[in-house]
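Before any comments, here is the structure.
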Amino acid sequence: MQCSIRELMVAIAVAVALSAAAAAFGAGDPEINPPPQPGEWAALAQLPDWSGVWTPSLKDQDARMKSNPIPWNPAAAAAIAKLGAAEKAGNPQGLFVNCLPESMPSWMLITHNALEFLFTPGRVTLLGESDGNRLRRIYTDGRPHPADPDPTFHGHSIGHWEGKTLVVDTVGVLPETYIASSEAVGLPNNGDMHVVERIHLVGPDTLHDDLEITAPHVLTRTWKTTLILFRQRAKKYDIVEGVCLQGNYSEGKDAAGNAVFVPALQTEGGNTLPSDK
């Protein structure tokens, strides 16, 4: 397989940066997130163009869950069947009505909202629209995973470039985060989950995130699936602020006439009821 001079230059620049970072992280007490050097900023220009806002293919998400279902183990499958029946009956449980983050891997499986990628030296950051907690950091500076990571909603992600593909390895995800096929059907991963992603362009404005999800407590095997994203340049797709908990409140006034948020009446499932006013 031949590579262009441009691709060779990118590979060399990335290799030099990773080698320096790896040496630093192996040096006893490394400096975390050191100031980026001019050459590191210049190297970003050689990476693939993922600028703009990206929206998921909802049609493909639905079709893929049917053609390539999640390989639940028998106990998990029984629980999923009950959740699916409730959803079809019009009484969905709602996995995310508590306003906790969709988290990994559900964010990259069932999200309906826009997201964007930010490239900075040593890091790729994913920003999502739906909630202030929708943020992932993928470290590309050569650091390893912590020996004993503190579990978080999105886990600890490290990545490296293989040509024009960003390969991401994620561990340390909270056991409570869902593996989901919809916003009403899914189960906690229950710990020891490992997610590998290969994110790459398949066309000028189409991005694929190929996922491999290993969750030994709920899945019978590693599940491979893909999230398809489309680039949007129109102003109407620009990411706007979204705060989930804001939906739990209505706008009101306190005794002094100050604008305040007041708790809104809600159903058990988290839907806001009309106000009496």
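The values are calculated or read from the model by the stated rules, or taken from the named source; none is laboratory data. All figures in this text were calculated on a predicted structure; none of them were measured in a lab. Backbone-built Cβ (ideal geometry, glycine too); neighbour counts: all protein chains shown. The accessibility values were calculated without ligands, DNA or RNA, using every heavy atom of the protein model including side chains. Shrake-Rupley method; radii C 1.70, N 1.55, O 1.52, S 1.80 Å.
General observations
- GLU176 - accessible surface, heavy atoms, 1.4 Å probe, Å² rounded to 10: 120
- Rolled with a 1.4 Å probe across the full set of protein chains, the surface gives ARG233 an accessible area near 150 Å².
- Distance from the Cα centroid of region 214-230 to that of region 62-83 is 11 Å (rounded to whole angstrom).
- Ranked by how many other beta carbons lie within 10 Å on average, peptides 50-61, 93-104 from highest: 93-104, 50-61
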